[in-house]
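J.: Before I ask anything, here is the structure I am working with.
The values are calculated or read from the model by the stated rules, or taken from the named source; none is laboratory data. This one's a predicted model, so the numbers in the text were calculated from it and none came from an experiment. We place every Cβ from the backbone using ideal geometry, glycine too, and count neighbours over all the protein chains shown. Protein only, heavy atoms only, side chains kept; ligands, DNA and RNA dropped before computing areas. Shrake-Rupley method; radii C 1.70, N 1.55, O 1.52, S 1.80 Å.
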Amino acid sequence: MIGYNNLFAKTKDGKMIRLSLNEHGFIRNFMLIETPEAKRFAGFTLIKKDLDLVLESIEQMASYEYKLIVQQSLMFFSIVTFAKCFTQNEGARPSLNFDDVFKGAEQKLIDEHERIMNLRNGYIAHAGNEFDRCYIVGTVVASGWVNLGIDINCQMSHVVTMTPKLEEFKKLCLHVQEAVKKKSDKAFQRVTENTSNLEDDEINNLVYKIDRDELYKMIESAEPTASGSIRYDFAKTRL
């Protein structure tokens, strides 16, 4: 594999492309591959990234190190991000097909998938009554046979954490991740085969013309994000 360094070129439509130098220190040419196969491969790469984040969130939720609001935020993120992999979108990113991913799968995995999708559709996306309820309860306060009054209180019944089901959710994500990997590998193979058949003149027509005065490098920002993590910016540089 070619080693890529901290040097970027910006395309006309704003894409930041990481560059590589050859053994003599010269910039290697690059082309943007935007064939249907390449877009499909890119889409599966994004899905894999999402599933990696969901698995990381599950590990964080299982640690019990965070306050309830953080636990709930991680849960919401995990459910929405997982469900996004199976929902249609207007962009080029593909959506996973249920029948394809779960063909021959254990019923436990199918049940867990349906549970997660129901949580996303019924509670998180629409706050449906099945998942978000508040009961107004009047507790009778009495002394002997004499009623002193009624205490009114709110009792909420809603999804807060998924701790008892985290292991099942993790197994589900790993199963989907393996299915995505197979699809991604096939798409990558097609892209590789198509580009290996290009003639020299075709490659030259596709190569992006690099402006050596419009190069960038990624630097650590002086200001961290709101959560305290490192923020990165692009700064102009010259080779």
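J.: For segment 1-93, which GluC sites (Glu not before Pro) are in a loop by DSSP, counting at most 15 other Cβ atoms within 10 Å?
T.: Working: sites: Glu23, Glu34, Glu37, Glu56, Glu59, Glu65, Glu90; in loops: Glu23, Glu34, Glu65, Glu90.
Sparse-neighbourhood loop GluC sites (Glu not before Pro): Glu23, Glu34, Glu65, Glu90.
J.: So which trypsin sites (Lys or Arg not before Pro) in segment 180-239 are both in a DSSP loop and have at most 16 other Cβ atoms within 10 Å of their Cβ?
T.: Passing sites in segment 180-239 are Lys209, Arg212, Arg231, Arg238.
J.: Let me ask you something else. List the longest stretch of the chain that has no exposed loop site; here a site is one of the chymotrypsin sites (Phe, Trp or Tyr not before Pro) assigned by DSSP to anything other than H, G, I, E or B, with at most 15 other Cβ within 10 Å. Provide the component values of the computation, followed by the final result.
T.: Working: sites that count: Tyr4, Phe26, Tyr64, Tyr66, Trp145, Tyr208.
Longest run free of exposed loop sites: 67-144.
J.: Which of the listed residues, Ser95, Ser63, Leu109, is farthest toward the dipole's positive end in segment 63-116, when Lys, Arg count +1 and Asp, Glu count -1 at the beta-carbon?
T.: Ser63
J.: Let's test the formula: R0 of 22 Å, r as the Cβ-Cβ distance of Ala222 and Met16. What FRET efficiency results, to the nearest 0.05? Don't skip to the end; give the middle numbers.
T.: On the way: r = 20 Å, r/R0 = 0.92.
E between Ala222 and Met16, to the nearest 0.05, is 0.65.
J.: Here's another thing I want to ask about it. Report the extension gain between Lys236 and Ile152 in nm, rounded to one decimal, defined as 0.36 nm multiplied by the number of residues separating them, less their alpha carbon distance.
T.: Working: separation 84, 0.36 × 84 = 30.24 nm, distance 6.35 nm.
Value of the extension gain: 23.9 nm.
J.: If you find the alpha carbon centre of segment 49-109 and of segment 173-239, how far apart are they in angstrom?
T.: What the calculation gives is 24 Å, centre to centre.
J.: Determine the calculated [θ] at 222 nm for the chain from helices alone, applying -39500 (n - 2.57) to every DSSP H run no shorter than 4 residues and normalising by the residue count; nearest 500 deg cm²/dmol. Walk me through the intermediate numbers first.
T.: Working: 6 runs with 98 residues, N = 239.
Computed ellipticity for the chain at 222 nm equals -13500 deg cm²/dmol.
J.: Per residue, how large is the accessible surface of segment 14-74? Use a 1.4 angstrom probe and give square angstrom. Please report the intermediate quantities before stating the final value.
T.: Numbers: 3790 Å² over 61 residues.
Each residue of segment 14-74 exposes 62 Å² on average to a 1.4 Å probe.
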